[in-house]
1. Return one number: the angle in degrees, 0 to 90 and rounded to the nearest 10, between the long axis of the Cα atoms of helix 29-38 and the longest principal axis of the Cα atoms of the chain.
2. Take every Cα-Cα distance within segment 94-149, group them into 10 Å bins from 0 onward, and report for each bin the whole-number percent of pairs it holds.
3. Work out from phi, with θ = phi - 60° and the Karplus expression 6.51 cos²θ - 1.76 cosθ + 1.60, the ³J(HN,Hα) of each residue of segment 143-156, listed in order in whole Hz, and give x for Gly and Pro.
4. Among Arg232, Arg125, Arg201, which one shows the biggest mean-square fluctuation in a GNM of the chain, springs joining Cα atoms closer than 10 Å?
5. Tell me the volume per residue, in Å³, of the convex hull enclosing the alpha carbons of the chain.
6. Work out how far the C-alpha atoms of segment 164-248 reach from end to end along every principal axis, then list the three figures in whole Å, largest first.
7. As an exercise, find the ratio Rg/Rh for segment 2-82 from alpha-carbon atoms, using the Kirkwood inverse-distance average for Rh.
8. Cα centroid distance between segment 2-64 and segment 121-164, in Å?
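Just so it is clear, none of the values below were taken in a lab; they were calculated from the coordinates. Note that the structure is a prediction, hence the values are computed from the model and not measured.
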Amino acid sequence: MTDLGVRPFNARSLVLSVLLGLPTPRLTMPSLMRLAALFDLAPGTMRTALSRMVAAGELESDESTYELRGRLLERKASQDIGRCPPDGAWDGTWWILAVTSPNRTVAARRVFRTRMVNARMGELRPDTWLRPANVPGPEAVGEVVVVRGARSGEDPDALVARLWDLRALADQCRMLLGALDTAATDVAANDVATLPATMMRAAAIVRFLRNEPLLPRALTPGGWPVDDLRDRYRSFDRQFGHMLRRAISTRQ
């Protein structure tokens with residue numbers, strides 16, 4: 001398999017990958033045990049991972065059902081947004097966010113960076129983030145200032161190129177389109193044995209779509225392949241979801 005930049009699933013990452021992809025991020029214990037078996041994970045390994053995730057506030061459980069909770073719901077929301085194309089309208093304004101707090105802990109900086117990535121903001125320099133205002137802006141949480149308005153000075157295409165490596169993103173996207181072709185063929189064959197490899201490919205595509213900047217069309221280069229990947233993945237995801245649900249269903 002082509003190196004997709006995705007680590008092999010352990011119990012925790014497998015649970016997260018599946019729950020983050022569900023419309024309602026909830027699964028029963030029997031379904032999770034079937035999922036573990038598909039990936040050759042021992043039942044005890046899965047139970048231990050679930051207990052730790054509940055203790056960490058990542059999952060909520062009533063002993064028979066496990067549901068996503070905490071900051072991971074923000075990640076799911078960001079992931080879901082990435083599956084839809086951005087609004088074609090853009091009035092030329094930008095979101096600009098500046099941190100006003102002079103001192104933050106390492107943990108606070110990590111949480112803040114995750115929030116900025118989820119909001120598709122680009123880092124111009126430490127504590128200064130911006131992006132075109134064709135998507136909702138980041139929340140003004142904590143000691144920050146958020147402004148929306150026109151900007152002048154540097155050419156917008158040049159500024160976008162400083163914030164994101166569009167050539168690298170396009171190259172990665174084309175590689176993922178090839179991986180999606182393979183995954184779609186496997187799903188069409190309805191071979192449960194291909195599920196682990198298909199999940200890896202799907203996880204790589206979802207991660208890419210969660211991180212790509214959702215730029216307005218006016219600021220994307222010619223031949224930009226991301227919209228094609230997004231459209232084709234939505235169709236694939238419906239078929240893959242049906243296959244996965246059948247594989248882990250307890251009604252067999």
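1. So the inclination is approximately 90 degrees.
2. That works out to 25, 62, 13, 0, in percent per bin.
3. Listing the rounded values in order: 8, 9, 10, 10, 10, 10, x, 6, 10, 9, x, 4, 3, x Hz.
4. In this elastic network of the chain, the residue with the biggest mean-square fluctuation among Arg232, Arg125, Arg201 is Arg125.
5. On the way: hull volume 35.0 nm³, N = 252.
It is 139 Å³ per residue.
6. Rounded to whole Å, the extents work out to 42, 18, 18 Å.
7. Numbers: Rg = 12.6 Å, Rh = 13.1 Å.
Ratio of gyration radius to Kirkwood radius for segment 2-82: 0.96.
8. When both Cα centres are located, 35 Å separates them.
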